[in-house]
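Okay, so here's the structure we're looking at.
Coordinate-derived values only; no laboratory data. These numbers come from a predicted model, not from an experiment. Note that we place each Cβ from the backbone using ideal geometry, even for glycine, and neighbour counts take in every protein chain shown.
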Amino acid sequence: MDELPSAQPSLSASEPTVRAAPADDPDLGDPELIAVIRKELDAAGGRLSFARFMELALYHPTLGYYLAPERRPGRGGDFLTAPETHPFFGMALARQLAECWDRLGRPDRWVVREDGAGIGGLAYDVIAGLTTEAPAAASALRYRMVEPNPHRRAQALAAMADVGLAGVVTAEPPPSPGVDPEPIVGVALANEVADAFPVHRLVVRGDRLRERYVVWRGDRDGGFEEEEGGLSDPVAGVAANLAAAGVALTEGDAIDVSPAAAAWFAAVGRGLGRGYAVVLDYGYATTELYQAHRLAGTVRAYYRHTVTDNPFRRVGHQDLTAHVDFTALRRAGEAVGLTFAGFTTQGAFLAGLGLGDFLVRLQVDAAMTAADYLAAQAAVLRLIDPGGMGRFGVLIMARDAPVAPPLRGFTVAPPAF
């Protein structure tokens, strides 16, 4: 497989703008969840892969961060996603989805299935965009929101019913492990989802990779720590994949890899009867991901718009993420028969979709105040900022659907750095 084209800014580009959390924060997290993890640690002989720790911290069915009754993402929560920045994001994305529908032959019924749909903010903006600019596509649409949190699903359905979309939108939990989603004709969509799949943490010692496992040292230091050991089965082939991609690691380099994200994307691909898979997230192609400062690892914890690289504080109370390896996703997609359609930055993608058009329209809106216009302008700049959200990656793959000429989102080249 050819390496993904470079689509990211230079290595000196900053990470998303957030404040650093205090390093000495004493909050260990939810005592009940910690007890669950410690019990599993004991049953496993005293250590767990970091991937399993992350899975429990985020997705435990009653105590995990993403399954909590209260809503975490957003301006008042722990992080801000692109759809929450401004509705223009979803409205611009709708243009790409409308083109996908057109290239599929304008079927009488098509589906957008969105993983990690939350309370439906992106779904609403996409439907609004389609209704305004591609009404025929909107009238044929069925939008399926896939969301693991039952509280979010209920909120989303109630909100959609309030705006008259109950007949268009449904909400469902993700498939059970090992079960593929039902094949659809349409688009599988995932915005800022892949970064939250569990990762294994690895480090180079001597001439080989070692895995960093989670252990409990509460009797001495007050919480979880890491210790090194041999590679677990899910990452046994990582060294060969890195070598094939031309990645050369040296002593002490630390990397995070996610077989779970690759497995998820393979399932997404198998769930496409005919159509496109669209993934937007922060990450890089393999050769760019494992370079420079990112060789200290990319796991980050977010809490109330602060960030730390300590995943063992506020367990169950903070989000955990890691940069996405888009080459690994592409490889997983190709393994299940998907065809590469394109890879670029979010800034270039939105430019290709004419994001600026929406600002131009506001300029002639008689009801638009100067303050509202400036707020919309600031949001657009945030979405395309090459030092922030604009450098996120966008990958599209297809099954039994045209990929040439390039989709509209790939018609603007990303900026050179």
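Taking amide H positions as modeled 1.01 Å from N, with prolines and chain starts lacking one, the residues under 5 Å from L189 and 5 or more places away or on another chain are R113, E114, D115, V278. The long axis of helix 150-162 is offset from the longest Cα principal axis of the chain by roughly 10 degrees.
In order along region 27-43, the phi-based Karplus estimate (6.51 cos²θ - 1.76 cosθ + 1.60, θ = phi - 60°) of 3J(HN,Hα) comes to 6, 7, x, 6, x, 5, 5, 4, 5, 4, 5, 5, 4, 5, 4, 4, 5 Hz; Gly and Pro are listed as x. Relative protection proxy for 160-167, 124-131, 380-387, from highest mean packing down: 124-131, 380-387, 160-167 (other beta-carbon atoms within 10 angstrom). Once the C-beta distance of T369 and T339 is scaled by a Förster radius of 35 Å, the resulting FRET efficiency is 0.15 to the nearest 0.05. Each peptide in 392-403, 229-240, 202-213 was scored by the mean count of other Cβ atoms within 10 Å over its residues; highest first, the order is 392-403, 202-213, 229-240. Annotation for region 151-186 versus region 394-417: alpha-carbon center distance of 27 Å. Computed from backbone phi, the HN-Hα couplings of region 181-190 come to x, 4, x, 10, 9, x, 9, 9, 10, 9 Hz, rounded to whole numbers (Karplus: 6.51 cos²θ - 1.76 cosθ + 1.60, θ = phi - 60°; Gly and Pro given as x). Couplings 3J(HN,Hα) of region 260-267, computed from phi: 5, 5, 5, 5, 4, 5, 4, 5 Hz, in residue order, whole Hz [Karplus 6.51 cos²θ - 1.76 cosθ + 1.60, θ = phi - 60°; x for Gly and Pro].
Arranged from highest to lowest average of other beta-carbon atoms within 10 Å per residue, in what order do the peptides 248-257, 263-272 appear? Don't jump to the answer; show the numbers that get you there.
Details: 248-257: 16.5, 263-272: 21.7.
Going from most to least packed, we get 263-272, 248-257.
When shorter helices are ignored and each DSSP H run of at least 4 residues is given -39500 (n - 2.57), the per-residue value for the chain at 222 nm works out to -10000 deg cm²/dmol. For P(r) over Cα pairs in 20 Å bins from 0, in percent, computed directly from the structure shown, the correct entry in (i) 26, 59, 14, 0; (ii) 26, 47, 24, 4, 0; (iii) 28, 56, 17, 0 is (i).
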